[in-house]
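One structure is given here, and the rest of the page talks about it.
The values are calculated or read from the model by the stated rules, or taken from the named source; none is laboratory data. Values in this document were obtained by computation on a predicted structure and should not be read as measured data. So basically every Cβ, Gly included, is an ideal-geometry build from the backbone, and we count neighbours across all protein chains shown.
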Amino acid sequence: MVKNRVHLDIQVGSSGVRGEQRRRLVSEEVERLVRAGASLAWENADIWGDSVVLRDPEGNEFCVS
């Protein structure tokens, strides 16, 4: 049996927030989600900006950017 998965992307701030301000908002949201039970999977930094992939307690991945 195959699980039906939904991938979530959580975006912090508006699309106009960039640079250090966006990194701070992402970091604060990641910290909040880790306190709520998520775990860090990996971090990305590319031309589209910084994002962090987390896993919920059941292992489902989601992104914060």
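Quick check: is even one residue across the stretch 3-17 of a type in the set (K, R) and in a loop (DSSP other than H, G, I, E, B)?
Scanning the stretch 3-17, I find at least one residue that is of a type in the set (K, R) and in a loop (DSSP other than H, G, I, E, B), so the answer is yes.
Any idea which of (1) among the hydrophobic types (A, V, I, L, M, F, W, C); (2) modelled with pLDDT under 90; (3) in contact with a helix residue (DSSP H, G or I) (Cβ under 8 Å, 6 or more places away or on another chain) is the one W48 doesn't satisfy?
Of everything listed in (1) among the hydrophobic types (A, V, I, L, M, F, W, C); (2) modelled with pLDDT under 90; (3) in contact with a helix residue (DSSP H, G or I) (Cβ under 8 Å, 6 or more places away or on another chain), W48 misses just condition (3).
Go through the stretch 17-51 and count every residue that is out of contact with any Cys (no Cβ under 7 Å at 6 or more places or on another chain) and either β-branched (V, I, T) or closer than 17 Å to H7 by Cα (or both).
Residues flagged as out of contact with any Cys (no Cβ under 7 Å at 6 or more places or on another chain) and either β-branched (V, I, T) or closer than 17 Å to H7 by Cα (or both) within the stretch 17-51 amount to 13.
For residues that are surrounded by 11 or more Cβ atoms within 10 Å (Cβ to Cβ) and assigned to a strand (DSSP E or B), tally how many sit in the stretch 34-65.
Counting residues in the stretch 34-65 that are surrounded by 11 or more Cβ atoms within 10 Å (Cβ to Cβ) and assigned to a strand (DSSP E or B) gives 16.
Would you tally the residues in the stretch 20-65 being touching a His at 6+ places or on another chain (Cβ under 8 Å) and either more than 13 Å from I10 (Cα to Cα) or charged (D, E, K, R) (or both)?
Of the residues in the stretch 20-65, 1 are touching a His at 6+ places or on another chain (Cβ under 8 Å) and either more than 13 Å from I10 (Cα to Cα) or charged (D, E, K, R) (or both).
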